[in-house]
Structure formats: C-alpha cells, structure tokens
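Scroll down for the structure; my scribbles are underneath it.
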Amino acid sequence: TPVATARFRRQNARSLLVILAVNQGREVTRDFLIRALWPESEEEAGRKNFYTVWSQLRKVLTLPDGTCPYLVRHQFGCSLEQRYVQSDLMRFSEICRELLFGAPEISQWSSLFAEIDRDFSNDLMPSEHQNHLIVQARNDCRARLVDALVAATGTIVATGHPEWGIWFARAALRHDQTREDAWVALMQAQIACSQRTAAMMTFLRCRSVLDEQLGIDPSPEASALYAGLLEGEKSATRP
C-alpha cells in the first residue's frame, strides 16, 4: 500500500525508514541510529529525539485497525519485520547477484536491463546530503550496480552478443563516469562489434573524464587497447 510522502512530516522519520530498509531486516541498535540521525546531540537529547521520530514513523505506517506490524522494537534496537515488508533494495541485491554470477539467455539479459532501467536508474534518496549513512549507502549501491553491469558486459560479449554488451557498459557509465573499467568494457564491446572508430572515441572521452574529474591518466590496459586500434588504422591505410 503506497504511503504518501506528505505523511512524513519529519525528514528524519523518512531517513530512519531508509536506514532500516538498507539493513534489510537486520536489527540496528538505538545508539547507532541516534549517532546517525543526531551526531551532535547530547545522549539524553538524542534519545528523546529518537523516540519522537520512532513514534512519528509508527504513526505513518499504522494500519486502520491501529496496529503497526512493520516496525519491531528490540531491547537495544529496532528493525523492519521481514515477514511483512519487502524493499526494492532486496530486489536490487538480487539483480546485482544475477548480473555478477548468472549466465542467463539473451532474453533474460534483456529483461534484467529493462528492469534496471525502469526501477534503478536513479540513486537512493538523491536529495539527502546530510545523513552520512544514507550518503554512504547510496554510494555503495551505485558502486555495486556498476560492478555488476561491468561484469555483465564481459559475460555478454564473451557469449557472442557484444551489441548488448554496449548497452550494459553505457548503463554503467550513466551511473559513474569515473569508472575506467566501465570505459574499457565499452571499448571491448565496441571492438567486438567492429566499431573501431567508436572505440577510439570512447578512449578519448575516458581520458578526458579521468583527467578533468580525477586528475589521472588512463591505465596501461586502456592505453594498450587504444594503441592497438591506432595500429590497426595505420595498417589499414598502408598500401
């Protein structure tokens, strides 16, 4: 049942729910949550704030009969009740595992790509910049997805479908342009598709992004790919 965002009168109530969802049913200690939500508060003030926000979150998630089966209070912490709550983060983890370790048919790759594009094209709570736990979780999710997309690109290219590999590599770069392994994966997919000029342009773009955003040069692997493409172009033009 959808819960209107307007019912979260406090941003911290929403943040608390996200932190619990990120932990996927595992108990999170009260003291840990207090430090995450009110890092500069005194101990007693932090506890009062926590109980206020906990009550607000329970109110948001309370059913018409007055019960709230979704939140569980433990002696020293709290969690989401796994029997009644499913999070898109759970499906996100499943997709990453499928991309990393699976070897589906091409139709399944297509379905996975469509699901990622539909449900996971945006970052976790992109407007939240104050809570370091959520920022860290967002960065971790982005890195995990890029890892999985890069791995999937290599698998797809190796199974003879480099044109699909290009799509997966480009999806990885949409999430993080500073990941050189995603640029290399795209180059390899383009080379496998005989898109040599496109692969050369990809390297030049990679070199520009790494220089502008990280102040580093491409790795020997990426440079060797580019050098091989240049040599191939020279060989093709020799009489």
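The values are calculated or read from the model by the stated rules, or taken from the named source; none is laboratory data. Everything numeric in this text was worked out from a predicted model, so none of it was measured. Cβ coordinates were reconstructed from backbone atoms using ideal geometry, including for glycine residues, and neighbour counts include every protein chain displayed. Protein only, heavy atoms only, side chains kept; ligands, DNA and RNA dropped before computing areas. Shrake-Rupley method; radii C 1.70, N 1.55, O 1.52, S 1.80 Å.
With His132, His175 as the choices, which residue is farther than 17 Å from Arg97 by Cβ, in contact (Cβ under 8 Å) with a residue 60 or more places away in the chain, open to solvent by 10 Å² or more (accessible area, probe 1.4 Å) and not charged (D, E, K, R)?
When all the criteria are applied, what remains is His132.
Of all residues in the stretch 23-37 being surrounded by fewer than 20 Cβ atoms within 10 Å (Cβ to Cβ) and in contact (Cβ under 8 Å) with a residue 60 or more places away in the chain, which is farthest from Val72 (Cα to Cα)?
Ranking the qualifying residues of the stretch 23-37, first place goes to Ala36.
Working only within the stretch 74-96, note down all residues that are charged (D, E, K, R) and closer than 18 Å to Pro2 by Cβ.
Our first condition is that a residue be charged (D, E, K, R); within the stretch 74-96, this holds for 81, 83, 88, 91, 94.
Selection gives Asp88, Arg91.
Determine which single condition Asp217 fails, assuming it passes every other condition in (1) more than 30 Å from Leu20 (Cβ to Cβ); (2) in a helix (DSSP H, G or I); (3) open to solvent by 50 Å² or more (accessible area, probe 1.4 Å).
Just one mismatch for Asp217, condition (2).
Would a scan of the stretch 76-88 turn up a residue that is of a type outside the set (Val, Ile, Thr), part of a helix (DSSP H, G or I) and either modelled with pLDDT under 90 or more than 22 Å from Met125 (Cα to Cα) (or both)? Before you say what the answer is, go through the steps one by one.
Kept after step one, since they are of a type outside the set (Val, Ile, Thr), are these residues of the stretch 76-88: 76-84, 86-88.
Still in the list and also part of a helix (DSSP H, G or I): 88.
Keeping just the survivors that are either modelled with pLDDT under 90 or more than 22 Å from Met125 (Cα to Cα) (or both) gives 88.
Looking for residues that are of a type outside the set (Val, Ile, Thr), part of a helix (DSSP H, G or I) and either modelled with pLDDT under 90 or more than 22 Å from Met125 (Cα to Cα) (or both), one finds at least one in the stretch 76-88, hence yes.
Go through Ala6, Ala45 for me and flag whichever is surrounded by 11 or more Cβ atoms within 10 Å (Cβ to Cβ), small (Gly, Ala, Ser) and either at pLDDT below 90 or more than 22 Å from Gln136 (Cβ to Cβ) (or both). It would help to see each step written out before you state the result.
Numbers: Ala6 fails: surrounded by 11 or more Cβ atoms within 10 Å (Cβ to Cβ).
On inspection, the qualifying residue turns out to be Ala45.
Can you tell me how many residues within the stretch 208-222 are in contact with a Ser or Thr (Cβ under 9 Å, 6 or more places away or on another chain) and in contact (Cβ under 8 Å) with a residue 12 or more places away in the chain?
Of all residues in the stretch 208-222, those in contact with a Ser or Thr (Cβ under 9 Å, 6 or more places away or on another chain) come to 209-210, 213-214, 217.
Cutting the leftovers down to in contact (Cβ under 8 Å) with a residue 12 or more places away in the chain gives us 209-210, 213-214.
Of the residues in that region, 4 qualify.
Of the residues Leu133, Leu99, which is of a type in the set (A, V, I, L, M), outside any loop (DSSP other than H, G, I, E, B) and under 24 Å from Thr5 (Cβ atoms)? Break it down into steps so the answer makes sense when it comes.
Values: Leu99 fails: under 24 Å from Thr5 (Cβ atoms).
After applying the criteria, what remains is Leu133.
So which residues in the stretch 186-203 are assigned to a helix (DSSP H, G or I) and either open to solvent by 60 Å² or more (accessible area, probe 1.4 Å) or at pLDDT below 95 (or both)?
Gln188, Arg196, Thr197, Met201 - these are the residues of the stretch 186-203 that are assigned to a helix (DSSP H, G or I) and either open to solvent by 60 Å² or more (accessible area, probe 1.4 Å) or at pLDDT below 95 (or both).
Name the residue that is farthest from the chain's Cα centre (by Cα), counting only residues in the stretch 58-97 that are closer than 16 Å to Cys141 by Cβ, in contact (Cβ under 8 Å) with a residue 24 or more places away in the chain and open to solvent by less than 90 Å² (accessible area, probe 1.4 Å).
That would be Ser87.
Residues that are within 17 Å of Asp117 (Cα to Cα), touching a Ser or Thr at 6+ places or on another chain (Cβ under 6 Å), buried (at least 21 other Cβ atoms within 10 Å of the Cβ) and without any contact (Cβ under 8 Å) to a residue 40 or more places away in the chain: does the stretch 137-153 have at least one?
There is no residue in the stretch 137-153 that is within 17 Å of Asp117 (Cα to Cα), touching a Ser or Thr at 6+ places or on another chain (Cβ under 6 Å), buried (at least 21 other Cβ atoms within 10 Å of the Cβ) and without any contact (Cβ under 8 Å) to a residue 40 or more places away in the chain.
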